[in-house]
Amino acid sequence: MKAVDLFAGAGGFSTGARMAGATVVWAANHWPLAVQWHAANHPDTEHACQDLQQADFTAVPRHDILLASPACQGHSPARGKERPHHDAQRATAWAVVTCAEVHRPPVVVVENVPAFAERWVLYPAWCAAMHALGYAMAPMVLDAADHGVPQHRRRLFVVATRSRHPIELALPQRQHRPAAEVISLNAGNWSPIERPGRSPRTLARVADGRRRFGSQFLAPYYGSGSGETGRSLHRPIGTLTTRARWAVINGDRMRMVTAPEGRDLMGFPHDYRLPANEAQAWHLIGNAVSPVQARDLIDAIRRAA
């Protein structure tokens, strides 16, 4: 099975496809840093760094499955109020239709936040365009934790197949893994919780976590995008974003979850390469597809085909 990956980012979809036995023949993203690190981890894949809304898809190799993760920023409620550039970000999904029109692969899989289908006013028109190309649509919201990834990450996957009826998939339901399997209390750069300049809101979240979980737990360091309550280390972590937002609490000290831990909490292989710069690494991690979830989905598609 040959795959191409649009909006490939850090390479979660590509890595999952490779885990499922597919060959990723072509991958593209508009951000040079993402292409650089995708290529570092997938050296046998042909890469393109370009705005995919302007791409010439006739130059893309033949493929059996089209994978795509269009920009989610214009859809996600976590981004706050509507902004002018969100229309342009939402429009990236039309590149999927263009590529599908050129190549008509048997399967197209699109990943995004659930709001892509729930809130985007043009989602029915987007589906209609795919229907016009002969695709039956099977949208499903999946949580990465149900695939054995130590992170609760609910994402929409739209599986489009050139068939009369939408595909029916038998997906595994794996045991949830705790964040404690990844996060070490003996590693990282710690600082005292009670120190000058610490935000009162951070201190309040830590105090709430202590009441609920004792001396060792996770706490959102920022309220926006990750909630206001602490979380036990004995359950999956909450959704990772493009910024380090989760703190590890251990007694009277705390530290941020590191990018290498974020990689493992996403289900990437332990040797998957990321930038040494933490901010850049988190930007790639937070936008990624969980490879394990992608693998399970592609395996199920192959079985059902």
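The values are calculated or read from the model by the stated rules, or taken from the named source; none is laboratory data. Small disclaimer: the values here were computed from a predicted structure and weren't measured. We place every Cβ from the backbone using ideal geometry, glycine too, and count neighbours over all the protein chains shown. Surface areas here come from the heavy atoms of the whole protein model, side chains and all, with no ligands, DNA or RNA. Shrake-Rupley method; radii C 1.70, N 1.55, O 1.52, S 1.80 Å.
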Trypsin sites (Lys or Arg not before Pro) lying in DSSP loop within the stretch 153-186, provided at most 15 other Cβ fall within 10 Å: R162, R164, R174
Please report, in whole Å, how far the alpha carbons of the stretch 181-301 spread along each principal axis, starting with the longest. 50, 29, 27
How high is the FRET efficiency from A128 to T229, r the C-beta distance, R0 51 Å, rounded to 0.05? 0.80
Where labels lie 7 Å past Cα in the beta-carbon direction, separation of W31 and A305 in nm: 3.0 nm
Largest-first ranking of H30, H283 by accessible area, probe 1.4 Å, whole protein assembly kept, is H30, H283
Over the chain, with neighbouring protein chains present, the accessible area per residue in Å² at probe 1.4 Å is 45 Å²
Between helix 291-304 and the chain, what is the angle of the helix's C-alpha long axis to the longest principal axis, kept within 0 to 90° and rounded to the nearest 10? 40 degrees
When the Kirkwood radius is taken over all Cα pairs of the chain, what Stokes-Einstein diffusion coefficient follows at 10 °C and 1.306 mPa s, in µm²/s? 79 µm²/s
So which GluC sites (Glu not before Pro) in the stretch 121-223 pass both tests, a DSSP loop state and at most 14 other Cβ atoms within 10 Å of the Cβ? E168, E194
Ignoring ligands, DNA and RNA, please state the percent of accessible area on the chain from carbon and sulfur, probe 1.4 Å. 50 percent
Pull out the extension gain between A40 and A207, defined as 0.36 nm times the separation in residues minus the alpha carbon to alpha carbon distance; nm, one decimal. 55.9 nm
